[in-house]
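What follows is a single structure, written as structure tokens, with notes after it.
Throughout, read-outs are computed from the coordinates displayed, never taken from laboratory work. Remember, predicted model here, so these are calculated numbers, not experimental data. All Cβ positions, even for glycine, are placed from backbone atoms using ideal geometry, and neighbour counts span all protein chains on display.
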Amino acid sequence: MTTTWSDADLSRIGGTDELQVSSRRADGTLRPYVTIWAVRVGDDLYVRSAHGPDNGWFRRAKASGTGRIRAGGLERDVAFAEADPGAHAGIDRAYHSKYDRYGPRIVGAVVGAAVAPLTIRLIPAE
């Protein structure tokens, strides 16, 4: 498994407003894609569950550990990993920078200490 994104992938995926994410079932097939927000922080890509730990895509991603994303015209297999605890302030800043135009109520669902545990780091699996 590659553990780093190429600069081109980071730019394309990180530059899109939305990302589609799918987790793998036990038999290896992909679940239906769900559209969510994603941010780039340095050389990493992150997603957060805006609707808590019981959000279906989030629960399935955490349980499976692997899946696939589509964004910026790319499709990549990924592993779903924990974010480094020291990364959360930068992730919050990235969400604010990228999505504040949608208003504080909406962006508030993906920033702050309460959603830090709902963060998934996307690791390329190709």
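If you take all other residues with their beta carbon under 14 Å from the beta carbon of Tyr33, and give Lys and Arg +1 and Asp and Glu -1, the sum is +4. Contact order, relative form, for the stretch 7-124: 30 percent (alpha carbon pairs under 8 Å, 6 or more residues apart, mean separation divided by residue count). About its Cα centre, the dipole of the chain is roughly 400 debye, where the only charges are +1 on Lys and Arg Cβ and -1 on Asp and Glu Cβ. Where Lys and Arg each count +1 and Asp and Glu each count -1, what net charge lies around Arg68 among other residues with Cβ under 9 Å from its Cβ? Taking every other residue near Arg68 into account, the sum is +1. Calculated over the stretch 7-124, the projected area of the Cα convex hull averaged across directions stands at 6.7 nm².
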